[in-house]
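*Asks:* The structure is given below, and queries will be raised subsequently.
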Amino acid sequence: MKKHLLLLFCCLWILGCKTDPKTASDKGNTTDKKIFRYNQPSAVNSLDPAFSKDQATMWIANQIFNGLVQIDKDLNIKPCIAKRWQISDDGLTYTFELRDDIYFHQHELFTDENDRKLTAHDVAYSFNRIIDPKVASPGAWIFNDKVAENEPFKALDNHTFQLKLRKPFRPTLGILSLQYCSVVSQKIAEHYGKEFRSNPVGSGPFQYKHWKEGDALILVKNPNYWEKTQQGQTLPYLDGVRVSFNENKQAAYLQFMQDKLDFISGIDPSFKDDLLTTEGTLKADLQDKIKLQKSPYLNSEYLGFLMDAEKNPALKDKRVRQAINYGFDRAKMIKFLRNNIGVPATAGFIPKGLPSFNPQAVKGYTYDPQKARNLLKEAGYTAQNPLPEILLETTNSYLDLCTYIQKQLEEIGIKLRLELLPSASLREKMSKSQTSFFRASWIADYPDAESFLTILYGNYPAPPNYTRFKNSEYDALYQKALLENNDAKRYDLYQQMDRILIEEAPIVPLYYDEVLRFTQNEVEGLENNAMNLLILKNVNIRKK
């Protein structure tokens, strides 16, 4: 009974930390606990990492659990539970040697310290669980058609785990960095079954304490966390994390400005002008109160052409598609419509932020209206024989961008007619090849350019290949890249593929997105990354 009362008291204490712990003494509370507070506007339906299909769940899973590998701020794959690994020469077998000092969070079901130790058997169980139809994880796709049919995941002993592939797939390590691949305790997960969703036990820097769905989630520091800084300091620095779930972004913004939240990610158009200048920098009068971090985000916004379109035969001519690419100023579009949030996509489809992004190796489209006019003329379109009107289908969220493009293209003799559709309706039309010109975006599933280039691979249907682009040279390079273990050589193959996309123009790259993060000035150690993954183990809160 005493144990339950103590737990209830802890939960109520942390839930009560709605005011800033750094200034709580002003309100009669003398606690010096460092609680990192952020709001999540979208619902979280599970704390089970096997269901981390959206950013909200991934962020939470990354605090509670560890994976075999992890990414750093530059998207490099780094050791985590696995301290080293080997890949066989044929690219089919990955053998991981695990650390011997990682323990799951304290739980009454563990009989002793050895029972809490994380082993290769837990890793094998966790991965088999992802592909188990009874679990019905939305992450099963990460292994479908990739891993061997017989014993794809095997614990060779307590400290050695082996993964076997059906065919080589070089982005495998990137996939293993996803939160789907978080390692859970077999004992705990089997005990709770479906209720593991609200009883998560991992080995991460923070452990689960309380969750009132739709209201708040409380995580507290794992006092026995295994990772340390290079100087030998124990992580994490924070005492806990409080996540609120307020769907009203405006209300959350006001809470942040009142110092009741430590962090907000992204920016709603309704208040971007309150925070940012037209150059995309933090307004001067806010710089002594809050901090802004900007970094690449692995999201490419683009317009897509249906390559077997019959509704508008003109789009079959790549010179017309190239003219559209040359016919509008991406830099001005980003500056005036997005407050310089994002980078003009002038270096192909692979976005800035990936190691294989190289604007010197891939020269994309820049604003060149005369070149666009010349291309139209070469295609046979003149004032006497104008290009037929082209229908561009988009959603209301991107109406301003598409209107800008429409007006600029009109100046060179290309008439666009815009049609607005709900997002779901547009995706359905794209999937059924019922739209010949559409606005779309693609966010990386894992930190490798293959995640982008795959959507134009000719042997794939829609999704992901909404354009139905098929090019034998491109497809051959794609297959070759999957077999290449040397990073430099693989990046060269990716860049060759990107140059083919520039030449054939099945898409119109618009911009490479950026992550914007705003924090209170007292927050230290929060690093951006192009996957927009929230990593809190290195974060500290400086006292005012």
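The values are calculated or read from the model by the stated rules, or taken from the named source; none is laboratory data. Just so you know, these numbers come straight off a predicted model, no measurement behind them. Methodologically, a virtual Cβ is constructed for each residue, glycine included, from the backbone with ideal geometry; neighbour enumeration extends over all protein chains shown.
*Asks:* Name, by its number, the condition in (1) of a type outside the set (Phe, Trp, Tyr); (2) in a helix (DSSP H, G or I); (3) in the same structural domain as Pro355 (by TED's automatic domain parsing) that does not hold for Asp285.
*Replies:* So Asp285 meets the others, but not (3).
*Asks:* Something else now. Pick from Leu163, Leu156, Leu173: which is touching a residue at least 40 places away in the same chain (Cβ under 8 Å), in a strand (DSSP E or B) and within 30 Å of Phe452 (Cβ to Cβ)? Write out each step before concluding.
*Replies:* Details: Leu156 fails: within 30 Å of Phe452 (Cβ to Cβ); Leu173 fails: in a strand (DSSP E or B).
Of Leu163, Leu156, Leu173, the one residue that is touching a residue at least 40 places away in the same chain (Cβ under 8 Å), in a strand (DSSP E or B) and within 30 Å of Phe452 (Cβ to Cβ) is Leu163.
*Asks:* Based on this model, can you work out whether Leu315 counts as crowded, with 17+ Cβ neighbours inside 10 Å, in the same structural domain as Gly413 (by TED's automatic domain parsing), aliphatic (A, V, I, L, M) and assigned to a strand (DSSP E or B)?
*Replies:* When the stated conditions are applied, Leu315 does not pass them.
*Asks:* Being buried (at least 17 other Cβ atoms within 10 Å of the Cβ), in a helix (DSSP H, G or I) and in contact with a helix residue (DSSP H, G or I) (Cβ under 8 Å, 6 or more places away or on another chain) is the filter here, so list the residues in segment 372-398 that pass it.
*Replies:* Of all residues in segment 372-398, those buried (at least 17 other Cβ atoms within 10 Å of the Cβ) come to 372-373, 375-376, 379, 381, 387, 390, 392-395, 398.
If we keep only those that are in a helix (DSSP H, G or I) too, we end up with 372-373, 375-376, 398.
Selection gives Ala372, Arg373, Leu375, Leu376.
*Asks:* Can you confirm whether Ser451 is modelled with pLDDT under 95, among the hydroxyl-bearing types (Ser, Thr, Tyr), more than 19 Å from Glu310 (Cα to Cα) and surrounded by fewer than 18 Cβ atoms within 10 Å (Cβ to Cβ)?
*Replies:* Spelling it out, it is not the case that Ser451 is modelled with pLDDT under 95, among the hydroxyl-bearing types (Ser, Thr, Tyr), more than 19 Å from Glu310 (Cα to Cα) and surrounded by fewer than 18 Cβ atoms within 10 Å (Cβ to Cβ).
*Asks:* If you take just the helices (runs of 4 or more DSSP H) that sit entirely in segment 399-464, which of them hold at least 1 residues that are touching a Gly at 6+ places or on another chain (Cβ under 6 Å)?
*Replies:* In segment 399-464, the matching helices (runs of 4 or more DSSP H) lie at 399-410.
*Asks:* Inside segment 404-422, can you point out the residues that are over 16 Å from Leu315 (Cβ atoms) and surrounded by fewer than 14 Cβ atoms within 10 Å (Cβ to Cβ)?
*Replies:* Once the filter is applied, which keeps residues that are over 16 Å from Leu315 (Cβ atoms) and surrounded by fewer than 14 Cβ atoms within 10 Å (Cβ to Cβ), segment 404-422 yields Lys407, Glu410, Glu411, Pro422.
*Asks:* List pairs: first residue in segment 250-273 and at positive phi and in a loop (DSSP other than H, G, I, E, B), second residue surrounded by 20 or more Cβ atoms within 10 Å (Cβ to Cβ) and of a type in the set (Asp, Glu) anywhere in the structure, Cβ distance under 6 angstrom, at least six positions apart or on different chains.
*Replies:* Asp259/Asp20
*Asks:* Going through segment 191-211 one residue at a time, which ones are in contact (Cβ under 8 Å) with a residue 12 or more places away in the chain and charged (D, E, K, R)?
*Replies:* Answer for segment 191-211, where residues must be in contact (Cβ under 8 Å) with a residue 12 or more places away in the chain and charged (D, E, K, R): Arg197, Lys209.
*Asks:* While we're here: Which of the following residues is assigned to a strand (DSSP E or B) and modelled with pLDDT of 95 or more: Tyr237, Tyr208?
*Replies:* Just one listed residue meets the conditions, Tyr208.
*Asks:* Among the residues of segment 38-96 satisfying the criterion of being within 23 Å of Arg517 (Cβ to Cβ) and among the basic types (Lys, Arg), which is surrounded by the fewest Cβ atoms within 10 Å (Cβ to Cβ)?
*Replies:* Restricting to residues being within 23 Å of Arg517 (Cβ to Cβ) and among the basic types (Lys, Arg), the top hit is Lys78.
*Asks:* Sticking with this structure for a sec: If Ala347 passes every condition in (1) surrounded by fewer than 20 Cβ atoms within 10 Å (Cβ to Cβ); (2) closer than 24 Å to Asp445 by Cβ but one, which one does it miss?
*Replies:* Condition (1) is where Ala347 drops out.
*Asks:* Can you tell which of Arg197, Arg166 is of a type in the set (D, E, K, R) and closer than 22 Å to Tyr103 by Cα?
*Replies:* Arg197
*Asks:* Sticking with this one: Against the condition over 23 Å from Gln360 (Cα atoms) and not in a strand (DSSP E or B), how does Tyr478 come out, does it pass?
*Replies:* Answer is no for this residue.
*Asks:* Follow-up. So which residues in segment 67-100 are in contact with a Gly (Cβ under 7 Å, 6 or more places away or on another chain) and either in the same structural domain as Met531 (by TED's automatic domain parsing) or farther than 22 Å from Leu298 by Cβ (or both), if there are any at all?
*Replies:* Ile81
*Asks:* Would you kindly identify the strands (runs of 3 or more DSSP E) lying entirely within segment 67-124 that contain at least 2 residues that are among the β-branched types (Val, Ile, Thr)?
*Replies:* Ranges flagged: 69-71, 93-98.
*Asks:* Continuing with this model, one more query. I'd like to know if segment 170-178 contains one or more residues that are among the hydroxyl-bearing types (Ser, Thr, Tyr), modelled with pLDDT of 95 or more and touching an Asp or Glu at 6+ places or on another chain (Cβ under 9 Å).
*Replies:* no
*Asks:* Residue under question is Gln231, and the condition is that it be closer than 30 Å to Asp288 by Cβ, part of a loop (DSSP other than H, G, I, E, B) and modelled with pLDDT under 95; does it hold?
*Replies:* Considered against the rule, which asks whether it is closer than 30 Å to Asp288 by Cβ, part of a loop (DSSP other than H, G, I, E, B) and modelled with pLDDT under 95, Gln231 comes out as yes.
*Asks:* Please tell me if Leu173 is among the aliphatic types (A, V, I, L, M), assigned by TED's automatic domain parsing to the domain that holds Thr93 and under 30 Å from Lys34 (Cα atoms).
*Replies:* So Leu173 fails the test.
*Asks:* Within the group Gly304, Gly280, which residue is in a loop (DSSP other than H, G, I, E, B) and touching a Lys or Arg at 6+ places or on another chain (Cβ under 9 Å)?
*Replies:* Gly280
*Asks:* Given the residues Asp215, Asp268, Asp239, Asp274, which is the only one that is over 19 Å from Arg129 (Cα atoms), among the acidic types (Asp, Glu) and surrounded by 16 or more Cβ atoms within 10 Å (Cβ to Cβ)?
*Replies:* Asp239
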